[in-house]
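What follows draws every value from the coordinates through simple rules; no lab data is involved. What you see is a predicted model; the values in this text were computed from it and never measured. Counting neighbours? That spans all protein chains shown, and the Cβs are built from the backbone with ideal geometry, glycine included.
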Amino acid sequence: MKSLLLMITFFTRIPVNYTYDYDERDFIKGIKLLPIIGLMVGIFLYVPTLLENYFHRSILIVFIWTIYLFITGGLHIDGLADTFDGIFSYRQKEEMLNIMKDSRIGTFGVIGILWLLLLNLSLSYYIKNIFLIIVPIVGRASALLSASISSYARKEGGMGTAFIENCGIKEGLLGIILSLVLGFIIGDSPMIASLLATFITVIILTKNISKKLGGMTGDTIGAIIEISQTLFMFFCYIAEIFIR
């Protein structure tokens with residue numbers, strides 16, 4: 001229970017009564033629970049869709065992603081912006097990593113955030129409401145998958161060190177299996193195809209980022225979370241067109 005509460009307080013802004021001091025052992029134990037955190041976030045995203053008979057869908061979609069930003073505190077979007085600034089600087093590895101540590105946001109970071117939000121708003125309009133429950137689960141399962149096939153990029157420790165170094169193949173597979181099981185329960189064949197396409201793309205992205213940076217960081221894992229969610233919705237949209 002301590003590990004779950006720690007994961008909630010660390011990865012969300014959901015108010016919980018967690019009075020324990022930070023313990024890295026509890027954090028490491030809680031890594032495998034990350035998809036459960038995604039499920040909690042997903043429920044928050046889905047509930048507003050029950051009001052669709054009273055509000056226009058476009059208004060609800062904006063409200064849903066406002067809730068997402070509030071619940072996550074923009075933690076992973078910050079990682080996305082830092083990753084875009086670093087990767088698209090086209091510098092040497094160490095320079096990219098230094099750019100990503102800079103608290104200031106650059107041009108490519110702004111472009112990355114705008115790209116992400118516009119796609120999320122657009123794609124959410126066209127996918128089934130029930131799929132919104134799965135979206136955050138996919139993001140967190142993708143984080144486990146990415147961390148399980150990579151190493152930490154920096155010489156010195158950082159926020160993502162404990163996560164990446166203690167996330168193995170078992171945790172990565174657990175995230176994939178949980179996503180597929182939930183997808184099978186509440187989804188259909190287009191969703192399953194979208195899940196598989198997303199995880200394959202995550203592997204490719206992780207390998208490419210690791211090649212540029214010499215590994216992954218907390219920022220790049222955050223970027224994977226956000227990008228995989230958008231990719232999943234995109235693949236769901238495409239699958240609905242071609243598989244139906």
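Here are a few things to note about the model shown:
- For the pair segment 21-51 / segment 53-84, the C-alpha centres are spaced 16 Å from each other.
- The chain: angle of helix 75-87 to the longest principal axis, Cα-based, in degrees nearest 10: 60 degrees
- Estimated 222 nm signal from helices in the chain, with DSSP H stretches of n ≥ 4 weighted -39500 (n - 2.57), rounded to 500: -24000 deg cm²/dmol
- Rg to Rh, two decimals, where segment 8-127 supplies the alpha carbon set and Rh follows Kirkwood: 1.04
- Packing rank of 73-80, 35-42, where each peptide gets the mean count of other beta carbons within 10 Å, highest leading: 35-42, 73-80
- When the charge dipole of the chain is built from unit charges on Cβ atoms (+1 for Lys and Arg, -1 for Asp and Glu) and taken about the Cα centre, the candidate among F88, V181, I36 whose Cα reaches farthest toward its positive end is V181.
- With eigenvalues of the C-alpha gyration tensor scaled by 5 and rooted, segment 162-244, Å: 25, 15, 9
- According to the Cα-based calculation, Rg over Rh for segment 1-66 is 1.14, with Rh computed by the Kirkwood formula.
- Angle in degrees between helix 57-72 and the longest Cα principal axis of the chain, rounded to the nearest 10: 30 degrees
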